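To keep things clear, I will list the structure first and then write my remarks on it.
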Amino acid sequence: MTRYDLIVIGAGPAGLSAAAEAAGAGLRVAVFDENAKPGGQLFKQIHKFFGAKEHKAKIRGVKIGAELLAEAEKRGAEVFLNSPVAGLYKEREILVRRGEGVGHYKGDAIIVATGAQENMPAFAGWTLPGVMGAGAAQTLMHLHRVKPGKRVLMLGSGNVGLVVGFQLRQAGCELAAVLDAAPRIGGYGVHAAKLARTGVPFYLSHSIVRAWGTDKVTGVVAGEVDGGWNFIPGREKQFEVDTVCIAAGLAPATQLLKMAGCAMRAAGADWLPVCSAVGETSLPGVYAAGDVSGIEEASSAMIEGRLAGGAAARKLGFIGPDEYEERRQVLLAALASLREGMFAPQKRGQISAQTDEGIDLSQTLLRKGYLEEGEVGKYPGVKPAAGIHPVIECTQNIPCNPCRDACPQGCIKVTGGIAALPEYDDRAGCAGCGLCVAVCPGQAIFLLNEDAGDGLAEVTAPYEFLPLPQKGELGAALARSGEKLCPAEVVRVKLAPAFDRTALVTFRVPRDFAMRARFWQKEAAA
Amino acid sequence: MRLTNHPILGPAAPGREVVFFLDGVAATGLEGEPLAAALKAAGVAVHRYTKKHRRPRGLFCAVGRCTDCVMVVNGRPNVRVCVTPLEEGMRVATQYGAGEGVK
Ligand SMILES: Cc1cc2nc3c(=O)[nH]c(=O)nc-3n(C[C@H](O)[C@H](O)[C@H](O)COP(=O)(O)OP(=O)(O)OC[C@H]3O[C@@H](n4cnc5c(N)ncnc54)[C@H](O)[C@@H]3O)c2cc1C
Ligand code: SF4
Ligand code: SF4
Ligand code: FES
């Protein structure tokens, strides 16, 4: 049996961060992951992340994963791939399946960072080929570079459903609709708005009655549900699709913790390990970090991993009490700042009517995925101004502030905690550089010049699709709802290295449409 | 169905095209990609039929967890093709039930 100071199970953001932290303190660390690629969920996440600088905001998930792996390995952690851990036993021993054989390892400390599994609701026809998890669709598109299907229906409007829905559009798939049995969109409004403006309809209080097809899915019958999630007769809709993606939530992958005998507690529908603030379970020296200890985000998983890694280093005497305490306080503060805002874990299940600033939350955003034209002006990021200026359509308290850090002119303020709504300071003088538009992970910032001459206005919007429009190309301007407004000519397409593959497309519309046009759509060839 | 270019990931790395056999018929895929990806790119949806009710199954989790995608590969049944790299000349067959009667 091989022995390590620390064994980490799972090479996602939590596990890699734990390994980096502990190896940095001098521990001999082994990380085991069942996948052929390290990074856990991160290697499928090609979108820019929320958060603040210390949480790696505005960086795409894939890149964060690569950075973490490099850090852990540089510090000497050994990462074993294709190595599912099949058992975790008292005395901190693990059983690893490797190839046809098995290996036994013992750790003086163990960190379980196994992440989460997708929930799979059963409906008639759910086993038909063409029905797949949202994670499978991501794996196909981003790791194997194959489209999951031509026309897809997404079940689930949490962040996973919204993000994967957008990624399907980026891969050139059609998205027939996003369905959710809940009466409100579960994920961030900005993620929903990104989809809605490309013309994707949302059906809340709807679920799948059945998927049909003989050898594969060819269509879906969806139905409206009442408050108790029962189908209301006569309220069915049909969708012709060849693929159904399920994003019905994640459940912590706690099998190993349960097997080892860690004390568990019920939290809603899930069972979570009972943990200290640094993730130590009821078994001394066994820690849980990341989604396995409660579904959150990669940003929080990374901090939880570092907390657990540091705690293991302290426990085994690799770092002194003062050094440990100082680091612990910094990490706990960073974690607390992420847990601010209306989507914070402690607020799960609660319904807020207003933002922390006391502004009514948009109900249309929660039901249809977009802001009503008449309500946009209520939010502090939207102010009329002469000349070029940003319009920040970020209207929910989410832990995010890279827009503020991006602006060289200091036009954007996020004050009083990172979940505060961004505010446009019209005294600062926007230079029209577009950095705020490009960094915003919610793609919620637009630039407006309401007086571009000839009664026209110029709207600049983020664009992450192919093919890129050409200067002079005529297309259509779409409203926040995806509704077609008017023809629109592209006057500029900017793609600077600092934009990290988010192009900025500037198009011209009649002035009356300046506060309505939010997406430029290529006209289908006749 | 292949994503040769992508707005964020950029152009796909060129792979080596190889021939494999699906139920005896020649098809092509990229060497080293999961067999399931090659099948998806070729428009194949059904991987197997269940034992009792003969219901079709295809790719579901794509990461080796659910065993929905198993097929008969080089004569061996119950191979999870989503985590099996494609090799030149591989013989892949739709699996019926537990793969009884496989030669
Ligand atoms: C579509 C989508 C979009 C997201 N967007 C964001 C975002 O914008 N910002 C953000 O902060 N977060 C985002 N997240 C959430 C984030 O990806 C997760 O919260 C995060 O990855 C959790 O990290 P983890 O290390 O706990 O688990 P994971 O990333 O799930 O990693 C766990 C690892 O453990 C391995 N494993 C599990 N069991 C075993 C075992 N028995 N033996 C060996 N290995 C095992 C798994 O294979 C996996 O590699 C998103 C998630 C999804 C699905
Ligand atoms: S366009 Fe540039 S100057 Fe104007 S608000 Fe955005 S980041 Fe600031
Ligand atoms: S506007 Fe600012 S706070 Fe809102 S999502 Fe964009 S970057 Fe984050
Ligand atoms: S699709 Fe789940 S194991 Fe292959």
Considering every pair of different Cα atoms, what Kirkwood radius, in Å, is found for the stretch B:17-96? 12.2 Å
DSSP-defined beta bridges in the stretch A:172-320 - what % are antiparallel, rounded to 5: 85 percent
Ranked from highest to lowest mean number of other Cβ atoms within 10 Å per residue, what is the order of the peptides B:63-71, A:148-156? A:148-156, B:63-71
Relative contact order (%) - the stretch A:1-114, alpha-carbon pairs under 8 angstrom, separation at least six: 37 percent
When the helix-only estimate is applied to chain A (DSSP H runs of n ≥ 4, each -39,500 (n - 2.57), divided by the residue count), what is the mean residue ellipticity at 222 nm, nearest 500 deg cm²/dmol? -6000 deg cm²/dmol
What whole-number distance in Å separates the alpha-carbon centres of the stretch A:292-317 and the stretch A:127-158? 31 Å
Inside 10 Å of the C-beta atoms of B:58-71, what's the mean count of C-beta atoms belonging to other chains? 6
Sticking with the crude label model, points 7 Å out along Cα→Cβ, report the distance from B:Arg2 to A:Lys63 in nm, one decimal please. 2.8 nm
Table column - 3J(HN,Hα) (Hz), the stretch A:46-52, Karplus curve with 6.51, -1.76, 1.60, x for Gly and Pro: 9, 8, 7, 8, 7, x, 10
Return the residues of the stretch A:141-160 for which accessible area with all protein chains present is lower than in the chain on its own by 40 Å² or more; set the probe to 1.4 Å and exclude ligands, DNA and RNA. A:His144, A:Arg145, A:Val146, A:Lys147
Which whole-number value in Å³ per residue fits the convex hull of the alpha carbons of the stretch A:215-359? 189 Å³
Antiparallel as a % of all DSSP beta bridges within chain A, to the nearest 5? 65 percent
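Peptide A:463-469: average number of partner chain Cβ atoms within 10 Å per residue?
2
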Nearest 5 is fine: what % of DSSP beta bridges in the stretch B:17-96 come out antiparallel, could you say? 80 percent
For chain B, what is the mean residue ellipticity at 222 nm derived from helices alone (per DSSP H run of n ≥ 4: -39500 (n - 2.57); sum divided by total residues; nearest 500 deg cm²/dmol)? -1500 deg cm²/dmol
I need the peptides B:35-44, A:438-447 ranked by packing, meaning the mean over residues of other C-beta atoms within 10 angstrom, with the highest value on top. A:438-447, B:35-44
Please list, in chain and number order, the residues 5+ apart from A:Val31 or on another chain whose amide H is under 5 Å from its amide H, with Hs placed from the backbone. A:Val8, A:Glu78, A:Val79, A:Phe80
Measure out, as a whole number of angstrom, how far apart the alpha-carbon centroids of the stretch A:202-242 and the stretch B:64-92 sit. 33 Å
In nm, to one decimal, how far is the modelled label at A:Leu474 from the one at A:Trp229, with both set 7 Å along Cα→Cβ? 5.0 nm
Long-range amide H contacts for A:Arg210: which residues qualify at under 5 Å (H placed 1.01 Å from N, peptide plane, sequence gap of 5 or more or a different chain)? A:Val221
Using only atoms on other chains, find how many Cβ atoms lie within 10 Å of each Cβ of peptide B:44-54 and report the average. 2
In whole percent, the fraction of accessible protein surface over the stretch A:193-246 that belongs to carbon or sulfur atoms, probe radius 1.4 Å, stands at 48 percent
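What percent do you get for the relative contact order of chain B when only Cα pairs under 8 Å and 6+ apart count? Don't skip to the answer; put the middle values down first.
Values: 210 pairs, mean separation 30.1, N = 103.
Once divided by the residue count of chain B, the mean separation gives 29 percent.
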Given the peptides A:291-298, B:83-90, A:514-521, A:342-349, arrange them by the average over their residues of other C-beta atoms within 10 Å, most packed first. A:291-298, A:514-521, B:83-90, A:342-349
Over chain A, what is the relative contact order in percent, taking alpha-carbon pairs closer than 8 angstrom and at least six residues apart? 14 percent
For the stretch A:86-98, what does the Karplus curve 6.51 cos²θ - 1.76 cosθ + 1.60, with θ = phi - 60°, yield as ³J(HN,Hα) per residue in whole Hz, taken in order and with x for Gly and Pro? 9, x, 10, 10, 3, 6, 6, 10, 10, 10, 10, 8, 10
Along the stretch B:59-69, Karplus-curve 3J(HN,Hα) (6.51, -1.76, 1.60; θ = phi - 60°) to the nearest Hz, with x for Gly and Pro, reads 5, 10, 9, 6, 10, x, 9, 8, 6, 5, 8
Could you tell me whether chain A comes out rounded, prolate or oblate from its Cα gyration tensor? Rule is a ≥ b ≥ c as square roots of the eigenvalues, rounded for a/c under 1.5, then prolate if a/b exceeds b/c, otherwise oblate. prolate
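The values are calculated or read from the model by the stated rules, or taken from the named source; none is laboratory data. Computed from a predicted structure; not experimentally measured. Heads up, the Cβs are rebuilt from the backbone with ideal geometry, glycines too, and the neighbour counts pull from every protein chain shown. The protein model used for the area step is the full one, side chains on, heavy atoms only, and it has no ligands, DNA or RNA in it. Shrake-Rupley method; radii C 1.70, N 1.55, O 1.52, S 1.80 Å.
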